[in-house]
1. I need the full set of residues from the stretch 76-93 which are assigned to a loop (DSSP other than H, G, I, E, B) and surrounded by 10 or more Cβ atoms within 10 Å (Cβ to Cβ), in order please.
2. Looking at the structure I just gave you, is residue 97 under 16 Å from residue 29 (Cβ atoms) and modelled with pLDDT of 85 or more?
3. Report the residue count in the stretch 79-101 for those that are farther than 19 Å from residue 57 by Cα and under 20 Å from the mean Cα position of the chain (by Cα).
4. Among (1) in contact (Cβ under 8 Å) with a residue 60 or more places away in the chain; (2) surrounded by fewer than 19 Cβ atoms within 10 Å (Cβ to Cβ); (3) within 9 Å of the chain's Cα centre (by Cα), where does residue 13 come up short?
5. Take the residues in the stretch 22-54 that are on the phi > 0 side of the Ramachandran plot and out of contact with any helix residue (DSSP H, G or I) (no Cβ under 7 Å at 6 or more places or on another chain); name whichever of them is surrounded by the most Cβ atoms within 10 Å (Cβ to Cβ).
6. Is there a residue in the stretch 59-72 that is at pLDDT 80 or above and either part of a loop (DSSP other than H, G, I, E, B) or touching a strand residue (DSSP E or B) at 6+ places or on another chain (Cβ under 6 Å) (or both)?
7. Please work out which residue is modelled with the highest pLDDT, limiting yourself to the stretch 2-21 and to residues that are assigned to a loop (DSSP other than H, G, I, E, B) and on the phi < 0 side of the Ramachandran plot.
8. Using beta carbons and a limit of 8 Å, which pairs, at least six apart or on different chains, have the first residue in the stretch 79-103 and free of Cβ contacts under 8 Å to residues at least 24 places away in the same chain and on the phi < 0 side of the Ramachandran plot and the second one surrounded by fewer than 10 Cβ atoms within 10 Å (Cβ to Cβ) and part of a loop (DSSP other than H, G, I, E, B)?
């Protein structure tokens, strides 16, 4: 992520055309909202993304205070719900529907 110019922060990746429809520019702060909550992160506009999908890296958004954790990133797990696959009964992660809009 450092090579992207975002330092140790995490960001959402969004399709270029979809971002244009939503009025979102590269590196702009956006809200990502689900039925479980919302988080604010910087947008990374890319051409290689499916227009109906966003991606967000995990591993940031720490709650611990300290020199290396304070105010670094957001935790996407806060807005991810757990549902179950109707055929297998297994947990179906990473299928949470979200709304993305400018902050």
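The values are calculated or read from the model by the stated rules, or taken from the named source; none is laboratory data. In this text, all values refer to a predicted model and were calculated from it rather than measured experimentally. Neighbour counts are summed over all protein chains in view; Cβ atoms, including those assigned to glycine, are modelled from backbone coordinates with ideal geometry.
1. Filtering the stretch 76-93 down to residues assigned to a loop (DSSP other than H, G, I, E, B) leaves 80-82, 85-90, 93.
Those that are assigned to a loop (DSSP other than H, G, I, E, B) and surrounded by 10 or more Cβ atoms within 10 Å (Cβ to Cβ): 80, 81, 82, 85, 93.
2. Numbers: under 16 Å from residue 29 (Cβ atoms): no; modelled with pLDDT of 85 or more: yes.
Here the answer is no, as residue 97 does not meet what is asked.
3. Within the stretch 79-101, the first condition is being farther than 19 Å from residue 57 by Cα, and the residues that meet it are 83-91.
If we keep only those that are under 20 Å from the mean Cα position of the chain (by Cα) too, we end up with 83.
Here the count works out to 1.
4. Just one mismatch for residue 13, condition (1).
5. 27
6. Pass one, the stretch 59-72, residues at pLDDT 80 or above: none.
Looking for residues that are at pLDDT 80 or above and either part of a loop (DSSP other than H, G, I, E, B) or touching a strand residue (DSSP E or B) at 6+ places or on another chain (Cβ under 6 Å) (or both), one finds none in the stretch 59-72, hence no.
7. Residues of the stretch 2-21 assigned to a loop (DSSP other than H, G, I, E, B): 5-10.
Cutting the leftovers down to on the phi < 0 side of the Ramachandran plot gives us 6, 8-10.
Numbers: 6: 52, 8: 65, 9: 73, 10: 82.
Among those that are assigned to a loop (DSSP other than H, G, I, E, B) and on the phi < 0 side of the Ramachandran plot, it is 10.
8. Close Cβ pairs satisfying both conditions: 84/90.
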